[in-house]
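Single-structure report; data block below.
Derivation of every value follows stated rules applied to the coordinates shown; laboratory data play no part. Worth saying up front: this structure is predicted, and the values here are computed from it rather than measured. In this analysis, Cβ positions are derived from the backbone assuming ideal geometry, glycine residues included, and neighbour counts consider all displayed protein chains.
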Amino acid sequence: MAARRIAYAPGVYDLFHIGHLNLLRNARERCDHLIVGVVTDELALRAKGVEPVVPLDERLAIVASIRYVDEAVPEDLPHKLEMWERLQFNAIVKGDDWKGTDRGDKLEADFAEVGVEVVYVPYTKQTSSTMLRRMLTREIDGLSR
C-alpha cells in the first residue's frame, strides 16, 4: 500500500482570486491530504514589504472553506522547514513561476535533505494579489483627486 501523500501549499492568499483557486485545485489533484499554510500578517510584511489587505483570521476562513483544502493553518514560522517539522508533510506545492529560480532551487535543496518533494503547479499569470493591489490603489488614488 502506497504511503499517504500529504501536501503543504503555503501562501499569503490575500485578495483571494482565481490564481489561488487554481493553485489549490492543482495541489489537491496531487495529494491525498492538502494542508494550506496561510502566512501571518507579520511574516507577509517581512517577506513582501506590505501587510495583507485581508487580515489573517479572514484569510484562514476563506481558505478553509475551499473544498480542495483539508486543513488551513497559520504559517507563523519564518522557515518552511520549521513548518515541516510541525506538520510532517511529504510534498510542498509552489507555482511553477518558482521553478528554476534561486528561491525554487533553494527550496528544492532544503527539502531534499528531509525527503520532501517540491511539486510545481501551473502559475496563473493573468491574476495576482500584487496586480489587484496596484489596481485598487490606482482606483483609490483616482477617487481622492
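Might you check whether a residue that is of a type outside the set (A, V, I, L, M), out of contact with any helix residue (DSSP H, G or I) (no Cβ under 7 Å at 6 or more places or on another chain) and surrounded by 16 or more Cβ atoms within 10 Å (Cβ to Cβ) occurs anywhere in the stretch 48-58? So far as the stretch 48-58 goes, no, none of its residues is of a type outside the set (A, V, I, L, M), out of contact with any helix residue (DSSP H, G or I) (no Cβ under 7 Å at 6 or more places or on another chain) and surrounded by 16 or more Cβ atoms within 10 Å (Cβ to Cβ).
Only one of the numbered conditions (1) part of a loop (DSSP other than H, G, I, E, B); (2) touching a residue at least 12 places away in the same chain (Cβ under 8 Å); (3) within 18 Å of V121 (Cβ to Cβ) is violated by A7, and that is (1).
Highlighted here are the strands (runs of 3 or more DSSP E) found entirely within the stretch 13-99 that include at least 3 residues which are touching an Asp or Glu at 6+ places or on another chain (Cβ under 7 Å): 33-39.
Restricting the stretch 21-53 to residues that are in contact (Cβ under 8 Å) with a residue 40 or more places away in the chain and within 11 Å of the chain's Cα centre (by Cα) leaves a set whose member that is nearest to E117 (Cα to Cα) is A27. Selection of the stretch 84-126 for residues being in contact (Cβ under 8 Å) with a residue 40 or more places away in the chain and small (G, A, S) yields A91, G95.
Reported count of residues in the stretch 13-51, each being touching a Pro at 6+ places or on another chain (Cβ under 7 Å) and more than 17 Å from D96 (Cβ to Cβ), is 8.
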